[in-house]
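The values are calculated or read from the model by the stated rules, or taken from the named source; none is laboratory data. Owing to the predicted nature of the structure, the values given are computational and were not obtained by experimental measurement. Here the Cβ is made from the backbone with ideal geometry for all residues, glycine too, and neighbour counts use every protein chain on show.
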Amino acid sequence: MTEKKYYNIASLEKGVRMLELLAAHGELSVSEAARLMDTNRAGSHRFISTLRDLGYVEKNSSNKYQPTLKIMTLAQKVADRFEIRRMAKPHMHRLSILYKETINLGLFKNQEIIHIDKIDSLEVLRMDSALGDKAPAYCTGLGKSILAFLPDHELDHYLNTVDRRPLAPNTITDKDEFLKELSRIRQNGYAIDDEEMTIGLRCIAAPIFDHNHYPAYAVSISGPAMRLTHRALEEVKPQILKVSEDLSYKMGS
């Protein structure tokens with residue numbers, strides 16, 4: 001009985017890993033999946049066939065397997081559990097109408113920012129992220145706006161454990177410089193990602209505090225640096241601060 005239970009858990013783990021691999025690579029053949037999973041072809045085919053039977057995987061015109069939109073349905077159901085999404089949506093729509101750039105809502109978890117809602121810009125050149133996408137907190141507007149207001153012990157733990165590797169020429173990797181940046185954010189109430197994660201992308205973000213005055217979430221406006229100039233960011237600043245204040249109030253802060 002114990003042996004059977006262990007086998008079931010191991011099979012479940014491999015099935016989930018297979019789904020994650022397909023999601024990460026977009027499409028894979030059975031042989032490619034087997035190599036990446038470090039398993040044999042028969043085992044790989046068994047896991048893919050099960051996922052296909054459940055509707056999470058389909059075979060495409062290249063005779064490779066790819067995830068279906070059923071995964072997005074699951075993700076949407078999880079995302080819908082966040083009350084903040086319902087409260088933030090009208091504010092995000094207003095920002096979208098005003099500035100015509102991508103509006104993001106994120107939370108901080110496991111040293112990363114997770115995008116839990118967004119409104120895409122209608123411009124051809126725009127920031128392109130999906131719900132559930134993750135990004136390092138130290139080089140994003142969403143992340144820095146939350147980090148700046150974390151309790152001291154949480155921030156210390158983060159700074160002592162995170163690998164602040166440079167993702168772009170403007171990434172702040174020096175600890176003392178980063179602490180000065182967080183101090184500026186606390187004074188101003190907002191954070192700017194000045195091409196720190198991706199060259200050509202700028203972002204302005206502000207935290208959203210919950211009833212414990214904890215920076216649980218953050219909202220941002222992101223776009224190409226050619227449109228979101230430093231002058232444009234100055235114009236956006238009062239609106240992003242107002243959204244931060246309004247949503248924090250609604251959260252009980």
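Is it fair to say Thr50 is polar (S, T, N, Q), closer than 27 Å to His115 by Cα and in a helix (DSSP H, G or I)? Lay out the reasoning, then the answer.
Numbers: polar (S, T, N, Q): yes; closer than 27 Å to His115 by Cα: no; in a helix (DSSP H, G or I): yes.
It is false that Thr50 is polar (S, T, N, Q), closer than 27 Å to His115 by Cα and in a helix (DSSP H, G or I).
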Problem set entry | Condition check for Ser129: modelled with pLDDT of 95 or more and either assigned to a helix (DSSP H, G or I) or under 19 Å from the mean Cα position of the chain (by Cα) (or both) | no
Seminar exercise, completed: Ala205 passes all but one of the listed conditions (1) surrounded by fewer than 24 Cβ atoms within 10 Å (Cβ to Cβ); (2) touching a Gly at 6+ places or on another chain (Cβ under 7 Å); (3) in contact (Cβ under 8 Å) with a residue 40 or more places away in the chain; the exception is number (1)
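Just to check your reading of the model, which residue among Tyr190, Tyr249 is within 17 Å of Glu101 (Cβ to Cβ) and among the aromatic types (Phe, Trp, Tyr)? Even if it seems obvious, please write down each step before you answer.
Working: Tyr249 fails: within 17 Å of Glu101 (Cβ to Cβ).
None of the others qualify; the one that does is Tyr190.
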Problem set entry | Given (1) under 19 Å from the mean Cα position of the chain (by Cα); (2) under 21 Å from Ser129 (Cα atoms); (3) surrounded by fewer than 18 Cβ atoms within 10 Å (Cβ to Cβ), number of the condition Arg164 does not satisfy | (2)
